[in-house]
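The structure appears right after this line, and notes come after that.
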There are 4 protein chains.
Amino acid sequence: MGEERHLREELAERMAETPFYAWIGFSLVSAAEGEVEVAMQVEPRHLNLQGLAHGGIIATLADTAAGLAVRTELGPGRRHVTAQLNVDYLAPARAGRIVARGRTVKIGTTVAFAEAEVTDERGRVLARTSSVHSVMRER
Amino acid sequence: MGEERHLREELAERMAETPFYAWIGFSLVSAAEGEVEVAMQVEPRHLNLQGLAHGGIIATLADTAAGLAVRTELGPGRRHVTAQLNVDYLAPARAGRIVARGRTVKIGTTVAFAEAEVTDERGRVLARTSSVHSVMRER
Amino acid sequence: MGEERHLREELAERMAETPFYAWIGFSLVSAAEGEVEVAMQVEPRHLNLQGLAHGGIIATLADTAAGLAVRTELGPGRRHVTAQLNVDYLAPARAGRIVARGRTVKIGTTVAFAEAEVTDERGRVLARTSSVHSVMRER
Amino acid sequence: MGEERHLREELAERMAETPFYAWIGFSLVSAAEGEVEVAMQVEPRHLNLQGLAHGGIIATLADTAAGLAVRTELGPGRRHVTAQLNVDYLAPARAGRIVARGRTVKIGTTVAFAEAEVTDERGRVLARTSSVHSVMRER
């Protein structure tokens, strides 16, 4: 419990320091070892030509949650970058709050696997992702 | 030539009408039948915790170029949504201008395939994508 | 219960009529609506240069289970083909029995999504797949 | 030229020593640094329920060509395994000879990227793949 609060606070702090997350409108919901939730409010600026949340934004939310989940399981002195991302778009997203839950699938020495699921307020699954991350020493 | 100018103008107009593209900072570079280029300037707000362009933004740029390329080959009264997106991240992107060139691979009656390549100003390939699009009648 | 037995028998019969499954060594384990299990015995002929089950065989097993799962949810007069397959290889497979459990994720009018997980006798997950299937009328 | 012949002979020898390739019916067509072609004759035993070459076999052919292409660029003492494979199925394959041309996209220290294209005798593209390979020291 204290551990999870610690993880959550550390990630929330890092996100707050990163202008990207404020600009795009992502916020941390929860963080436990191997599982991180990130949320966003879909606003008019996120909508594509057809009035639906742009698929790239959904991919970005999912990649953020999955990447942070990987981060919770890397020891000190190690970092990761996404090498490959696969997204299945199951349902269109409209205005409202959506949440990505990222989970680690396997953490290896040089390669890690993760997944994420993006759902809307009614619990409908909008997208599912799987990703491969390259793990390396901190520069 | 006149045809390409027409295509380019029509897409540029649609992008200009969509607040998403202004907000995220994408602009149309070129549009021919089956091939569309979209560019962005990587700014500090696009950078992740590690000072690199967030992979999700690169995926969004590539998906936009690939999706618009599909759109150039759909007849009137048909629309498409991305069903699946695969992204390979080959090199990290830093500040500067990056361009995604999207191309159609196959346009079927209900399913279309496309690809995109994202390069930086020096011609370095940052990412490659392949995508599956569901094609349907305009609502 | 009777329904599941019926499904299982129908699929087992179709597999038995298809020389491919006998040749490659796949057998049906179970079939319920939206979930099908297919097994194989990894033999020396399935091993690659490194003495591990060739990844393509594992992809084939997973694609078979996922595709049959989709089939259990298609009404009469409809058929499907795999449009896209994504495989994450989590652990190497050696000799022994392995099982792929395929499940449908979403069945749409023209596009369906499925997933599969391949495990060995000790329950270790060897691979996970996600796939997009194009759905159409029976010819 | 001598170099390519050497590469080709070395790979052909390794394939000949591996019962998998004889059993499945793959043969080496050409091998240069970063590019390898592998062919197969689609026989009745490779056909699925619908009379088309099973997608898994096409994935296996493509993965073999891409993996061998990676191998041509790894120095001595290093080996690789496929971590992730993405396959887009563009057209159905019927009986006849099909060829997969694998190419490296990027070879990193611990991660490599490759692609493959599978075509039939008339030059029609049946499938395209992209793959991520984990690179490590030889055991």
- Among the numbered criteria (1) in contact with a helix residue (DSSP H, G or I) (Cβ under 6 Å, 6 or more places away or on another chain); (2) within 9 Å of chain D (Cβ to nearest Cβ); (3) among the polar types (S, T, N, Q), which single criterion is violated by C:Asn86? (1)
- Message: Of all residues being small (Gly, Ala, Ser) and at pLDDT below 95 in segment C:93-107, which is nearest to D:Gly55 (Cα to Cα)? Just the residue, please.
- Response: C:Ala93
- Note on the structure: Within segment C:13-27, residues being among the small types (Gly, Ala, Ser) and at pLDDT below 90 number 1
- Scanning segment A:8-28 for residues that are surrounded by fewer than 16 Cβ atoms within 10 Å (Cβ to Cβ) and under 11 Å from A:Leu68 (Cβ atoms) gives A:Glu10, A:Ala12, A:Arg14
- If you go through segment C:109-139 one residue at a time, how many are small (Gly, Ala, Ser) and at pLDDT below 95? 0
- Message: Could you tell me how many of the residues in segment B:51-95 are crowded, with 19+ Cβ neighbours inside 10 Å, small (Gly, Ala, Ser) and within 25 Å of D:Ala112 (Cβ to Cβ)?
- Response: 7
- Name every residue in segment C:96-105 that is without any contact (Cβ under 8 Å) to a residue 60 or more places away in the chain and buried (at least 18 other Cβ atoms within 10 Å of the Cβ), in order of residue number. C:Ile98, C:Val105
- Message: Only one of A:Ala69, A:Ala112, A:Ala62 is touching a strand residue (DSSP E or B) at 6+ places or on another chain (Cβ under 7 Å) and not in a helix (DSSP H, G or I). Can you tell me which?
- Response: A:Ala112
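Here's the yes/no breakdown for (1) touching a helix residue (DSSP H, G or I) at 6+ places or on another chain (Cβ under 7 Å); (2) at pLDDT 95 or above:
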position	(1), (2)
C:Val29	no, yes
C:Val36	yes, yes
C:Ala62	no, yes
C:Arg79	no, no
- Can you give me the number of residues within segment C:16-68 that are within 10 Å of chain D (Cβ to nearest Cβ), in contact with a Lys or Arg (Cβ under 7 Å, 6 or more places away or on another chain) and under 30 Å from C:Gly108 (Cβ atoms)? 1
- Query: Quick one: B:Ala93 ticks every box in (1) touching a residue at least 40 places away in the same chain (Cβ under 8 Å); (2) more than 9 Å from chain A (Cβ to nearest Cβ); (3) assigned to a strand (DSSP E or B) bar one, so which box is it?
  - Reply: (3)
- Which numbered condition trips up B:Gly51, out of (1) on the phi > 0 side of the Ramachandran plot; (2) not in a loop (DSSP other than H, G, I, E, B)? (2)
- Note on the structure: Residue pairs qualifying under the 9 Å Cβ cut-off, at least six apart or on distinct chains, with the first in segment C:24-38 being farther than 13 Å from C:Thr72 by Cα and the second being among the aromatic types (Phe, Trp, Tyr), are C:Phe26/C:Phe20; C:Ser27/C:Tyr21; C:Leu28/C:Tyr21; C:Val38/C:Tyr21; C:Val38/C:Phe26
- Message: If I ask for residues that are in contact (Cβ under 8 Å) with a residue 12 or more places away in the chain, in a loop (DSSP other than H, G, I, E, B) and farther than 25 Å from D:Gln84 by Cβ, which ones from segment B:115-139 would you list?
- Response: B:Glu121, B:Glu138, B:Arg139
- Determine whether segment B:72-81 contains at least one residue that is under 30 Å from A:Ala16 (Cα atoms), within 9 Å of another protein chain (Cβ to nearest Cβ) and out of contact with any Cys (no Cβ under 9 Å at 6 or more places or on another chain). no
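The values are calculated or read from the model by the stated rules, or taken from the named source; none is laboratory data. In this text the structure is predicted, and so the values were computed from the model without any measurement. All Cβ positions, even for glycine, are placed from backbone atoms using ideal geometry, and neighbour counts span all protein chains on display.
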